[in-house]
Amino acid sequence: MKLASLKGGRDGRLVVVSDDLAWFTSADLIAPTLQAALDRWAVCEPLLRGLAESLEHGSVPRQRFHEAEAASPLPRAYQWADGSAYVNHVELVRKARGAEMPESFWTDPLMYQGGSDGFLGPRDPIPLADPAWGCDLEGEVAVITGDVPLGASREEALAEIRLVMLCNDVSLRDLVPAELSKGFGFLQSKPASAFSPVAVTPDALPNFRDGKLHGAVETELNGKPLGEADAGVDMTFDFGTLIAHAAKTRALSAGTIIGSGTISNRDPDGGPGKPIGEGGRGYSCLAELRTVETLLHGAPQTPFLSTGDTVRIEMRDARRHTIFGAIEQTVQ
């Protein structure tokens, strides 16, 4: 089942989307918003599934689905916590700013709590007041949970995954060092993120196994391939582990979003990933590319995002059909 929120009001308007993302039908009679459906999931989920089946059979009123009219599936959320499940990425980015990586990062997930009072739509521009802030994209996978009890186990956490989606976790890299040096975490360096046009239930994703979404997440910059990292490879912590980590000392309410962190693959030789042009899987963010450039050439060669740059993040199935729709944003 695929769900989306059309723009309108602060929380959007819940619709069910066809498997091929061509059509939608309103879910107003079941729940006005996705958050309302999550709050009553035991009641709403089977009704939404029935509506989705009717949509596929053409037996309910339907309209063309246009990704540009979609907000992020949850236009705002009670909680947004982003992990760093791909430790290879953490290691490279820390190396870029001269910071050593503690060994505990391989056994204890790294996670920050981001702003969730308003997300960008998947086709909304990325606002950037000052290019000197080092604006970067970050291609990620994210899940939306149901109610997760305090102290939930990994297995209990996995059972509470309601929906899966893609994410562009925008980062302002050149603001990060000064913020972290204060010892109190991110704030200004983590502006609003964006999520894919649709969110998909795990059972509709044959490539979602063992708490991981397997397959290439394609990232493009200005129409050129930047990365096609496999989200199921080199993921040190699966989503069950990430959710359980977040719930260690507090319960998570329905509608909590947990992110994977930037998808990152090592090269088969164990070193940093190579660019696509050199036969590698490329990069899901510019910081990682710039780190590799520094290691190879002594200095980064690729600039961070600036006005007019366009980012695209998407995942396709075996037939090259889009699964979640595309995040496509231009910096302004």
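Contact order for the chain, expressed relative to its length and based on alpha carbon pairs under 8 Å spaced 6+ residues apart, stands at 22 percent.
If r is the Cβ-Cβ distance from S153 to R40 and R0 is 25 Å, what FRET efficiency results, to the nearest 0.05? Approximately 0.50, to the nearest 0.05.
Averaging the sequence gap over all C-alpha pairs within less than 8 Å and six or more residues apart, then dividing by the number of residues, gives region 219-300 a relative contact order of 32 percent. Residue separation of Y78 and K7 scaled by 0.36 nm, minus their Cα-Cα distance, works out to 23.7 nm of gained length.
Hey, how many Å between the Cα centroid of region 19-85 and the Cα centroid of region 175-237? The distance from the Cα centre of region 19-85 to that of region 175-237 comes to 21 Å. Compared with the rule-of-thumb size 2.2 N^0.38 Å for a compact globular protein, region 222-314 has a Cα radius of gyration ratio of 1.32. Could you work out the Rg to Rh ratio of region 156-251, with Rh taken as the Kirkwood radius (inverse of the mean 1/r over all Cα pairs)? Checking Rg against Rh, the ratio lands at 1.01.
Loop-located trypsin sites (Lys or Arg not before Pro) across region 241-304 with a Cβ neighbour count of 12 or fewer within 10 Å are K248, R250, with loop assigned by DSSP.
What Kirkwood radius, in Å to one decimal, follows from the Cα pairs of region 47-154? Mean inverse Cα-Cα distance, inverted, gives 18.3 Å. Listed by chain and number, the aspartates and glutamates whose C-alpha is less than 18 Å from the C-alpha of K182, apart from same-chain residues fewer than 8 away, are E100, D174. Counted residue by residue at 0.36 nm each, then reduced by the alpha carbon distance between them, the extension gain from D130 to A251 reaches 39.8 nm. A compact globular protein would have a Cα radius of gyration near 2.2 N^0.38 Å; the ratio found for region 60-218 is 1.13.
Every number in this text was worked out from the coordinates using simple rules, so none of it is lab data. Keep in mind that this is a model prediction, so the values were computed, not measured. Virtual Cβ from ideal backbone geometry, glycine too; neighbours counted across all protein chains shown.
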